[in-house]
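First the structure, in the form of C-alpha coordinates, and then the observations on it.
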Amino acid sequence: MAGIIRSDSSGTIEVHGRGRDPPALPSRNDLDRQKDERKAIRMTAKLEPGKKAPAFDLPSDGDGRIKLSALKGQKVVLYFYPKDDTSGCTQEAIDFNGLRKQFEKANTIILGVSPDSVKSHDKFKAKHELAFDLVSDESKTMLEAYGVWVEKSMYGRKYMGVERTTVLIDETGKIAQVWNKVKVPGHAKEVLAA
(Lines give C-alpha, C1' and ligand atoms only; values in the text may rest on other atoms or scores of the structure.)
Protein backbone atom coordinates (compact mmCIF):
# COMPACT_ATOMS: atom_id res chain seq x y z
CA MET A 1 0.00 0.00 0.00
CA ALA A 2 1.64 3.20 -1.15
CA GLY A 3 1.22 6.34 0.86
CA ILE A 4 0.41 9.76 -0.55
CA ILE A 5 3.13 12.26 0.13
CA ARG A 6 2.59 16.01 0.23
CA SER A 7 5.32 18.53 0.71
CA ASP A 8 4.85 22.04 2.04
CA SER A 9 6.97 24.89 3.37
CA SER A 10 7.17 23.39 6.87
CA GLY A 11 8.55 20.05 5.69
CA THR A 12 7.16 16.84 4.28
CA ILE A 13 3.93 15.34 5.49
CA GLU A 14 3.16 11.70 4.72
CA VAL A 15 -0.42 10.55 4.68
CA HIS A 16 -1.00 6.80 4.53
CA GLY A 17 -3.81 5.23 2.64
CA ARG A 18 -4.80 4.52 -0.88
CA GLY A 19 -6.53 7.06 -3.06
CA ARG A 20 -7.30 9.56 -0.32
CA ASP A 21 -6.23 13.16 -0.58
CA PRO A 22 -4.25 14.48 2.32
CA PRO A 23 -6.13 16.81 4.65
CA ALA A 24 -5.99 20.39 3.45
CA LEU A 25 -3.73 22.66 5.43
CA PRO A 26 -5.23 26.00 6.44
CA SER A 27 -4.12 28.93 4.31
CA ARG A 28 -2.30 31.93 5.77
CA ASN A 29 -5.50 33.98 5.40
CA ASP A 30 -7.45 31.33 7.34
CA LEU A 31 -4.87 31.36 10.13
CA ASP A 32 -4.91 35.19 10.28
CA ARG A 33 -8.73 35.23 10.37
CA GLN A 34 -8.80 32.63 13.15
CA LYS A 35 -6.26 34.67 15.11
CA ASP A 36 -8.40 37.82 14.68
CA GLU A 37 -11.51 35.93 15.80
CA ARG A 38 -9.79 34.58 18.93
CA LYS A 39 -8.45 38.02 19.73
CA ALA A 40 -11.90 39.59 19.25
CA ILE A 41 -13.45 37.06 21.61
CA ARG A 42 -10.77 37.75 24.25
CA MET A 43 -10.89 41.50 23.83
CA THR A 44 -14.65 41.96 23.65
CA ALA A 45 -15.52 44.06 26.64
CA LYS A 46 -18.85 43.97 28.38
CA LEU A 47 -19.82 47.61 28.63
CA GLU A 48 -22.23 48.19 31.47
CA PRO A 49 -23.65 51.38 32.93
CA GLY A 50 -21.81 52.39 36.08
CA LYS A 51 -18.48 50.88 35.00
CA LYS A 52 -15.48 53.06 34.25
CA ALA A 53 -15.14 53.71 30.51
CA PRO A 54 -11.95 52.28 28.97
CA ALA A 55 -9.29 55.00 28.67
CA PHE A 56 -8.02 56.08 25.27
CA ASP A 57 -5.58 58.57 23.75
CA LEU A 58 -5.84 58.58 19.95
CA PRO A 59 -5.29 60.84 16.94
CA SER A 60 -8.19 62.77 15.52
CA ASP A 61 -8.92 64.77 12.42
CA GLY A 62 -6.93 67.98 11.90
CA ASP A 63 -3.79 66.46 13.48
CA GLY A 64 -5.39 66.55 16.94
CA ARG A 65 -5.39 64.04 19.78
CA ILE A 66 -8.30 63.04 21.96
CA LYS A 67 -7.73 61.69 25.45
CA LEU A 68 -10.68 60.52 27.55
CA SER A 69 -9.15 61.75 30.81
CA ALA A 70 -9.04 65.30 29.38
CA LEU A 71 -12.82 65.23 28.85
CA LYS A 72 -13.84 64.78 32.52
CA GLY A 73 -16.46 67.24 33.67
CA GLN A 74 -18.55 66.86 30.54
CA LYS A 75 -20.56 64.04 29.03
CA VAL A 76 -19.17 62.26 25.97
CA VAL A 77 -21.07 60.55 23.17
CA LEU A 78 -18.77 58.01 21.51
CA TYR A 79 -20.40 56.72 18.39
CA PHE A 80 -18.55 53.89 16.69
CA TYR A 81 -19.11 53.48 12.97
CA PRO A 82 -17.64 51.17 10.31
CA LYS A 83 -16.33 53.46 7.55
CA ASP A 84 -16.11 57.10 6.46
CA ASP A 85 -18.31 58.24 3.60
CA THR A 86 -20.57 55.20 3.35
CA SER A 87 -24.31 55.82 3.29
CA GLY A 88 -25.25 54.76 6.83
CA CYS A 89 -22.15 56.27 8.41
CA THR A 90 -22.65 59.54 6.54
CA GLN A 91 -26.28 59.79 7.65
CA GLU A 92 -25.35 59.06 11.26
CA ALA A 93 -22.65 61.76 11.19
CA ILE A 94 -25.04 64.29 9.63
CA ASP A 95 -27.72 63.47 12.23
CA PHE A 96 -25.33 63.97 15.17
CA ASN A 97 -23.95 67.13 13.55
CA GLY A 98 -27.46 68.56 13.17
CA LEU A 99 -28.05 68.17 16.91
CA ARG A 100 -24.59 69.38 17.94
CA LYS A 101 -25.77 72.65 19.50
CA GLN A 102 -28.37 70.82 21.59
CA PHE A 103 -25.71 68.36 22.76
CA GLU A 104 -23.48 71.32 23.69
CA LYS A 105 -26.31 72.84 25.76
CA ALA A 106 -26.48 69.51 27.60
CA ASN A 107 -22.70 69.73 28.34
CA THR A 108 -22.06 66.82 25.96
CA ILE A 109 -19.42 66.46 23.28
CA ILE A 110 -19.72 64.13 20.30
CA LEU A 111 -16.88 61.93 19.05
CA GLY A 112 -17.13 59.68 16.01
CA VAL A 113 -14.75 56.70 16.10
CA SER A 114 -13.73 54.36 13.27
CA PRO A 115 -10.64 52.47 12.09
CA ASP A 116 -10.23 54.94 9.18
CA SER A 117 -7.08 57.05 8.92
CA VAL A 118 -6.85 60.67 10.04
CA LYS A 119 -6.53 61.64 6.36
CA SER A 120 -9.80 59.86 5.58
CA HIS A 121 -11.46 61.59 8.56
CA ASP A 122 -10.23 64.99 7.34
CA LYS A 123 -11.82 64.43 3.91
CA PHE A 124 -15.07 63.06 5.40
CA LYS A 125 -15.37 65.93 7.88
CA ALA A 126 -14.73 68.61 5.23
CA LYS A 127 -17.06 67.05 2.67
CA HIS A 128 -20.01 66.93 5.09
CA GLU A 129 -19.07 70.04 7.13
CA LEU A 130 -19.00 68.12 10.40
CA ALA A 131 -18.34 70.26 13.46
CA PHE A 132 -17.19 67.57 15.91
CA ASP A 133 -14.04 65.45 16.18
CA LEU A 134 -13.52 62.12 14.43
CA VAL A 135 -11.15 59.75 16.22
CA SER A 136 -8.91 57.39 14.26
CA ASP A 137 -8.22 53.93 15.70
CA GLU A 138 -6.28 52.20 12.93
CA SER A 139 -4.69 49.83 15.47
CA LYS A 140 -8.20 48.90 16.72
CA THR A 141 -7.04 49.11 20.35
CA MET A 142 -9.94 51.29 21.46
CA LEU A 143 -12.43 49.42 19.26
CA GLU A 144 -11.41 46.18 20.99
CA ALA A 145 -11.47 47.74 24.47
CA TYR A 146 -15.05 48.91 23.88
CA GLY A 147 -16.05 45.53 22.40
CA VAL A 148 -17.12 46.89 19.02
CA TRP A 149 -14.48 45.16 16.83
CA VAL A 150 -16.42 41.96 16.13
CA GLU A 151 -16.90 39.19 13.63
CA LYS A 152 -19.50 40.15 11.05
CA SER A 153 -21.07 38.27 8.17
CA MET A 154 -22.24 39.48 4.77
CA TYR A 155 -23.45 37.22 1.97
CA GLY A 156 -22.07 34.21 3.86
CA ARG A 157 -18.58 35.75 4.14
CA LYS A 158 -17.24 36.28 7.66
CA TYR A 159 -14.91 39.17 8.41
CA MET A 160 -13.90 41.48 11.26
CA GLY A 161 -15.44 44.94 11.45
CA VAL A 162 -17.00 47.64 13.62
CA GLU A 163 -20.42 46.98 15.10
CA ARG A 164 -22.31 50.27 15.02
CA THR A 165 -22.52 51.17 18.72
CA THR A 166 -22.94 54.33 20.77
CA VAL A 167 -21.66 54.81 24.30
CA LEU A 168 -22.67 57.71 26.56
CA ILE A 169 -20.04 58.50 29.19
CA ASP A 170 -20.95 60.67 32.17
CA GLU A 171 -18.99 63.60 33.61
CA THR A 172 -17.00 61.30 35.92
CA GLY A 173 -15.82 58.96 33.14
CA LYS A 174 -18.31 56.19 33.82
CA ILE A 175 -20.55 54.55 31.25
CA ALA A 176 -24.06 55.97 31.50
CA GLN A 177 -25.72 54.10 28.62
CA VAL A 178 -24.87 51.80 25.69
CA TRP A 179 -26.72 51.36 22.40
CA ASN A 180 -25.64 48.18 20.56
CA LYS A 181 -26.33 47.28 16.92
CA VAL A 182 -27.56 50.79 16.23
CA LYS A 183 -30.09 51.52 13.50
CA VAL A 184 -29.32 55.01 12.17
CA PRO A 185 -32.79 56.58 11.66
CA GLY A 186 -33.73 58.52 14.81
CA HIS A 187 -30.70 57.32 16.77
CA ALA A 188 -29.03 60.71 17.37
CA LYS A 189 -32.32 62.08 18.79
CA GLU A 190 -32.61 59.04 21.07
CA VAL A 191 -29.08 59.65 22.40
CA LEU A 192 -29.84 63.34 22.97
CA ALA A 193 -32.97 62.42 24.94
CA ALA A 194 -30.88 60.23 27.27
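Summary table
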{"read-out": "Residue 74 paired with residue 55, simple spin-label distance in nm, labels 7 Å along Cα-to-beta-carbon", "value": "2.1 nm"}
{"read-out": "Over the stretch 60-182, volume per residue of the alpha carbon convex hull, in Å³", "value": "104 Å³"}
{"read-out": "With every protein chain in place, the stretch 119-194: carbon and sulfur % of accessible area (1.4 Å)", "value": "49 percent"}
{"read-out": "Label-point separation in nm, residue 126 to residue 157, each point 7 Å along Cα→Cβ", "value": "3.1 nm"}
{"read-out": "Relative contact order (%) - criterion: Cα under 8 Å, at least six apart; region: the stretch 45-194", "value": "33 percent"}
{"read-out": "Added length on full extension, which subtracts the Cα-Cα distance from 0.36 nm per residue, residue 183 to residue 104", "value": "26.1 nm"}
{"read-out": "With all protein chains modelled, accessible area of residue 129 [1.4 Å, Å²]", "value": "150 Å²"}
{"read-out": "Solvent exposure, largest accessible area first (probe 1.4 Å, DNA, RNA and ligands not counted), of 69, 114", "value": "69, 114"}
{"read-out": "Neighbour cut-off at most 15 other Cβ (10 Å), DSSP loop, chymotrypsin sites (Phe, Trp or Tyr not before Pro), the stretch 140-171", "value": "155"}
{"read-out": "Computed accessible area, residue 121, all protein chains, 1.4 angstrom probe, square angstrom", "value": "0 Å²"}
{"read-out": "Under-5 Å amide H pairs with residue 165, H placed in peptide plane, nonlocal only", "value": "80, 182"}
{"read-out": "Subset of 72/123; 158/183; 101/140; 125/181; 123/174 violating a 27 Å alpha-carbon distance limit", "value": "72/123; 101/140; 123/174"}
{"read-out": "The stretch 58-125, accessible area per residue, ligands and nucleic acids excluded (1.4 Å, Å²)", "value": "45 Å²"}
{"read-out": "Per-residue SASA entry for residue 139, accessible area with 1.4 Å probe, Å² rounded to 10", "value": "80 Å²"}
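The values are calculated or read from the model by the stated rules, or taken from the named source; none is laboratory data. Keep in mind that this is a model prediction, so the values were computed, not measured. With ideal geometry, Cβ positions are generated from the backbone for all residues, glycine too; neighbour counts draw on all protein chains shown. Protein only, heavy atoms only, side chains kept; ligands, DNA and RNA dropped before computing areas. Shrake-Rupley method; radii C 1.70, N 1.55, O 1.52, S 1.80 Å.
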